[in-house]
Amino acid sequence: MTCKKLLYIGACVALAVLLVGVVLYFVTWTTDVEINNWRIVRADGFDLFSQDIRLRLRRHNYILRPAEYEVLAYESGVTVASELSLPEGCRAVSQHDDPSYVITQGYSRSYELNTISELYFAFSMENGVFIASGNNTNYLIGYADRSQKPAQILDYFSDFIENGCMPPLPDDSVINLNDTEASLNILNWAVVTPDGELVETPQMKLRLRVQDYLSENPELDVLSFYVPQDSRYVFRLYDGNPVGIHNPNSKYRVYKGFSSDRDSGDGGSCQYYLSVENGYILTKVAETGNYLIGSAKADYDVKEILKFFSKYTGK
């Protein structure tokens, strides 16, 4: 066989492989699910009330590219205050394997306020279950099988709920500074005495974004703040601009929040001290005299953080 024939055969094989690849890239089929049972429930599983919603989801399946998701039909009764939708060409931002469901970023349009907000949905096409939450306190759950119970749905999506109804955090996602915007994931927490003695380490998760973080008035967006329901203490941090610059040299700002002690009933409005560059946060724990400290990095030193905020703590 001559070299010319070999080149010809090789070109034909390459062309055939290319054509097969193109065909496979565009091969598609769809999977639909209709979810007609909806309820609003609390995080503890308490059933608040039903919702008159009929949602039909479609998954566009492909062989050589990720699946895309579409809200094929959405109908709601007069009691429903908002409408859920997905962007065109929506793909999963995260895949949860056990149990199996996807997380997508979508929209909720409020009929009453005429506003649109972004939030994450988690759903399983195969099991016909859906969950979304705008405030991480109450949840909208949907299920195709009427025999399923709200508590079962919450348990199915327990990892999604624990993560503040957000996608899981990348292992290397701690402090991200992008131009004038900063994002921060604070996963390491401790309640300590004023002398730095450890009281407890609550399993909390805070995700936040700071717009124009280098300015004198950086705006805080609290993306999610997960505090376990069985925690003795309640903590909340509010969106908005700082109420003060406690120490301009160390670049930490003061934001409004709330803390309370469920055992004593003490608590109320408080201030949170945040350093974006260092990934530190600190506030008082209700009326206990202790402090809640948080760090974006696992290898943090309690006394170092207390010293960093010494002008506030008095140490």
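The values are calculated or read from the model by the stated rules, or taken from the named source; none is laboratory data. Keep in mind it's a predicted model, so treat the numbers as computed, not measured. Note that each Cβ is placed from the backbone with ideal geometry, even for glycine, and that neighbours are counted across all protein chains shown. Areas reflect the complete protein model, heavy atoms only, side chains present, ligands, DNA and RNA absent. Shrake-Rupley method; radii C 1.70, N 1.55, O 1.52, S 1.80 Å.
Would it be correct to say that A43 is in contact with a strand residue (DSSP E or B) (Cβ under 6 Å, 6 or more places away or on another chain) and open to solvent by less than 70 Å² (accessible area, probe 1.4 Å)?
So A43 fails the test.
Got a sec? Which of I103, I63 is in contact with a helix residue (DSSP H, G or I) (Cβ under 6 Å, 6 or more places away or on another chain) and among the aliphatic types (A, V, I, L, M)?
Result of the check over I103, I63: I63.
Could you give every pair whose Cβ atoms fall below 8 Å, whose first residue belongs to segment 86-102 and is assigned to a loop (DSSP other than H, G, I, E, B), and whose second residue is of a type in the set (G, A, S) and modelled with pLDDT of 95 or more, counting only separations of at least 6 or pairs across chains?
Close Cβ pairs (under 8 Å, with a partner that is of a type in the set (G, A, S) and modelled with pLDDT of 95 or more) amount to P99/S124; S100/S124.
Among the residues of segment 301-313, is there at least one that is in a loop (DSSP other than H, G, I, E, B), surrounded by 18 or more Cβ atoms within 10 Å (Cβ to Cβ) and at positive phi?
Narrowing segment 301-313 to residues in a loop (DSSP other than H, G, I, E, B): 301, 309.
Pick out the ones that are also surrounded by 18 or more Cβ atoms within 10 Å (Cβ to Cβ) and you get 309.
Now restrict to residues that are at positive phi: none.
No: segment 301-313 contains no residue that is in a loop (DSSP other than H, G, I, E, B), surrounded by 18 or more Cβ atoms within 10 Å (Cβ to Cβ) and at positive phi.
Of a type in the set (A, V, I, L, M) and either modelled with pLDDT under 85 or within 20 Å of Y255 (Cα to Cα) (or both) - does that describe any residue in segment 152-162?
no
In segment 174-202, which residues are part of a loop (DSSP other than H, G, I, E, B) and modelled with pLDDT under 85?
The answer is V174, D179, T180.
Suppose we filter E75, E83, E70, E34 for residues that are under 20 Å from P167 (Cα atoms), among the charged types (D, E, K, R) and assigned to a strand (DSSP E or B); which single one remains?
E70
Filtering segment 209-234 down to residues that are within 14 Å of N185 (Cα to Cα) and in contact (Cβ under 8 Å) with a residue 60 or more places away in the chain, which residue is most open to solvent (accessible area, probe 1.4 Å)?
So the residue we want is Y226.
Restricting attention to segment 123-136, and to residues there that are modelled with pLDDT of 95 or more and assigned to a strand (DSSP E or B), which single residue is surrounded by the fewest Cβ atoms within 10 Å (Cβ to Cβ)?
S124
Which of the residues spanning segment 109-136 are more than 17 Å from the chain's Cα centre (by Cα) and more than 17 Å from D32 (Cα to Cα)?
R109, S110, Y111, E112, L113, N114, T115, I116
If you go through segment 50-78 one residue at a time, how many are in contact with a strand residue (DSSP E or B) (Cβ under 7 Å, 6 or more places away or on another chain) and either surrounded by fewer than 16 Cβ atoms within 10 Å (Cβ to Cβ) or of a type in the set (D, E, K, R) (or both)?
14
Restricting segment 137-157 to residues that are in a loop (DSSP other than H, G, I, E, B) and open to solvent by 50 Å² or more (accessible area, probe 1.4 Å), which is farthest from N36 (Cα to Cα)?
Among them, the one singled out is T137.
Does at least one position in segment 238-246 carry a residue that is over 17 Å from A286 (Cα atoms), among the hydroxyl-bearing types (S, T, Y) and open to solvent by 20 Å² or more (accessible area, probe 1.4 Å)?
Going through segment 238-246, the residues over 17 Å from A286 (Cα atoms) turn out to be 239-246.
Going one step further and asking which of them are among the hydroxyl-bearing types (S, T, Y), we end up with none.
Within segment 238-246, none of the residues are over 17 Å from A286 (Cα atoms), among the hydroxyl-bearing types (S, T, Y) and open to solvent by 20 Å² or more (accessible area, probe 1.4 Å).
Show the residue pairs meeting these rules: Cβ distance below 6 Å; 6+ apart or different chains; first residue within segment 285-298 and farther than 15 Å from D195 by Cβ; second residue of a type in the set (D, E, K, R) and modelled with pLDDT under 90.
A286/D261; A286/D266; E287/D266
Take the conditions over 30 Å from N217 (Cα atoms) and either at pLDDT below 80 or touching a Phe, Trp or Tyr at 6+ places or on another chain (Cβ under 6 Å) (or both) and apply them to I116. Does it pass?
no
In segment 274-285, is there at least one residue being more than 17 Å from L187 (Cα to Cα), open to solvent by 20 Å² or more (accessible area, probe 1.4 Å) and either touching a helix residue (DSSP H, G or I) at 6+ places or on another chain (Cβ under 6 Å) or not in a loop (DSSP other than H, G, I, E, B) (or both)?
Yes.
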